[in-house]
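Computed from the coordinates by the stated procedures, all read-outs in this text should not be read as laboratory data. Not measured: the values here are computed from a predicted model. Heads up, the Cβs are rebuilt from the backbone with ideal geometry, glycines too, and the neighbour counts pull from every protein chain shown.
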Amino acid sequence: MPLVSPFRTSFGTQTARDVLLLRAVTADGEGWGECVAMSDPLYSSEYVDATADVLRRFLVPALADGSEDLRRHGAPAVAALLRKFKGHRMAKAALEMAVLDAELRASGRSWARELGAVHERVPSGVSVGIYDSIPVLLDVVGGYLDAGYVRIKLKIEPGWDLEPVRAVRERFGDDVLLQVDANTAYTLRDARHLSKLDDFDLLLIEQPLEEEDVVGHAALARQVRTPICLDESIVSAESAAAAIELGACSIINIKPGRVGGYLEAVRIHDVAAAHGLAVWCGGMLETGLGRAANAALGALPGFTLPGDISASDRFYQTDITAPLTIEDGYMQVPTGPGLGVTPIPEILDAVTTSTEWIQLR
Ligand code: NPG
């Protein structure tokens with residue numbers, strides 16, 4: 001699916017998204033899962049072709065082997081059946097999502113109710129990429145603020161950090177909820193430099209250091225006043241608990257794909273809440289399917305910061321579902337059975353490059 005404009009982060013520039021979708025067909029109906037892996041292993045080690053491979057060769061067959069457990073316990077059995085395979089959380093998350101959606105649609109329950117949502121709408125933040133110049137950035141940010149987004153996240157990297165933040169503050173004022181995301185682009189040696197961001201009253205600095213450098217984040221947190229938020233480093237409820245214990249973060253970005261699924265995402269929400277940490281829902285350029293699911297997750301009580309839950313048109317001219325929109329800076333949480341949205345067959349067909357059917361016995 002082509003993006004409406006190139007999206008540049010510290011790890012690369014994306015102009016299109018190759019989306020792997022799963023459709024689980026059961027005796028009672030069907031359900032949809034969206035895999036958030038990108039084409040290249042730049043954000044994390046997973047990538048689309050690898051997720052297709054691991055699903056086909058290991059994960060989907062494991063569900064067939066565990067069909068008795070699946071029948072008895074439903075979607076919560078998926079993670080347990082897949083646990084013996086290391087990693088591949090985005091692939092596992094997509095599979096669990098499809099199974100859970102099928103189950104909820106068949107019984108008329110909504111994603112929001114199932115996860116424990118307490119709000120009918122969620123505040124919508126937007127993630128703004130890296131640009132070639134400050135004037136272009138200011139135009140883009142101005143456009144999103146005019147569209148009603150309630151929080152701006154600026155992607156940063158060495159050489160594109162203090163200046164864009166200062167420029168956005170000067171042009172749009174101190175009231176704009178503003179945060180930055182480095183996607184692992186710095187090292188602990190940059191601590192003094194990063195502390196200069198303290199002047200700009202940011203909500204948080206997201207994932208400044210390497211994914212595995214949790215101890216480094218704890219050291220950094222002692223040297224900067226701006227709250228440290230972890231994204232890439234948090235891959236499970238256990239890793240969230242460890243990072244919190246170490247003092248590596250005071251906020252967590254929860255992305256269901258990164259942590260192995262929506263059910264694990266809820267667990268991380270619970271762990272964070274138990275420690276008094278704020279969480280917010282991240283985005284991975286999802287289609288309407290993942291976006292609808294994220295809106296429901298973002299409506300849980302501990303999601304006290306606006307998420308990267310932007311309207312479909314932030315990334316796609318034509319979404320594969322009815323477009324998700326924002327009104328007065330908020331997105332309505334879908335209430336229909338399952339995800340509450342479904343791919344529109346003609347639109348899905350038009351962007352489909354290949355399909356594969358796996359029969360379980
Ligand atoms: O709103 O869906 C969205 C995108 C939010 O910036 C966003 N995602 O690091 O959080 C991130 C980033 C990302 C984009 C990560 C693409 C991986 C791939």
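Rounded, prolate or oblate, given the Cα gyration tensor of region 113-227, with a/c below 1.5 counting as rounded?
Here region 113-227 falls in the oblate category.
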(message) Given the options A237, W160, C35, identify the residue whose Cα lies farthest towards the positive end of the charge dipole of the chain (+1 on Cβ of Lys, Arg; -1 on Cβ of Asp, Glu).
(response) A237
(message) What's the magnitude of the charge dipole for region 2-108 around its Cα centre, counting Lys and Arg as +1 and Asp and Glu as -1 at the beta-carbon? Answer in Debye, nearest 20.
(response) 240 debye
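Let me have the relative contact order for the chain, percent, based on Cα pairs under 8 Å that are six or more residues apart.
For the chain, the relative contact order is 20 percent.
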(message) Please state the shape class of region 18-152: rounded when a/c is under 1.5, otherwise prolate if a/b exceeds b/c and oblate if not, all from the C-alpha gyration tensor.
(response) oblate
(request) Holding the Cα-Cα limit at 25 Å, pick out from K153/K255; K196/K255; K84/K255 the pairs that are longer than that. (result) K196/K255
(request) Please give the calculated 222 nm ellipticity per residue for the chain, where each DSSP H segment of at least 4 residues contributes -39500 (n - 2.57) and the sum is spread over every residue; nearest 500 deg cm²/dmol? (result) -10000 deg cm²/dmol
(request) Give the distance, in whole Å, between the Cα centre of region 138-202 and the Cα centre of region 5-72. (result) 31 Å
(request) Could you sort 293-300, 323-330, 273-280 so that the peptide with the highest average Cβ count within 10 Å comes first and the rest follow in order? (result) 293-300, 273-280, 323-330
(message) Using Cα-Cα distances under 8 Å and only pairs 6 or more residues apart, what relative contact order does region 2-108 have, in percent?
(response) 32 percent
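Would you mind classifying region 114-332 by shape? Square roots of the alpha carbon gyration tensor eigenvalues, ordered a ≥ b ≥ c; an a/c under 1.5 is rounded, otherwise it is prolate if a/b is larger than b/c and oblate if not.
Oblate is the answer for region 114-332, as a/c is 1.5 or above yet b/c matches or exceeds a/b.
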(request) Relative to the longest principal axis of the C-alpha atoms of the chain, give the angle of the C-alpha long axis of helix 262-274, reported between 0 and 90° and rounded to the nearest 10°. (result) 50 degrees
(request) Neighbouring Cβ atoms within 10 Å as the yardstick, rank W111, W357 fewest first. (result) W357, W111
(request) Indicate, rounded to the nearest 5 percent, the antiparallel portion of the DSSP beta bridges found entirely in the chain. (result) 45 percent
(message) Output the 0 to 90 degree angle, nearest 10, between the alpha-carbon long axis of helix 237-246 and the longest principal axis computed from the alpha carbons of the chain.
(response) 20 degrees
(message) Can you give me the angle between helix 89-107 and the longest principal axis of the chain, using Cα atoms only, in degrees from 0 to 90, rounded to the nearest 10?
(response) 60 degrees
(message) Only four residue types carry charge here, +1 at the Cβ of Lys and Arg and -1 at the Cβ of Asp and Glu. Report the dipole size of the chain about the Cα centre in Debye, rounded to the nearest 20.
(response) 640 debye
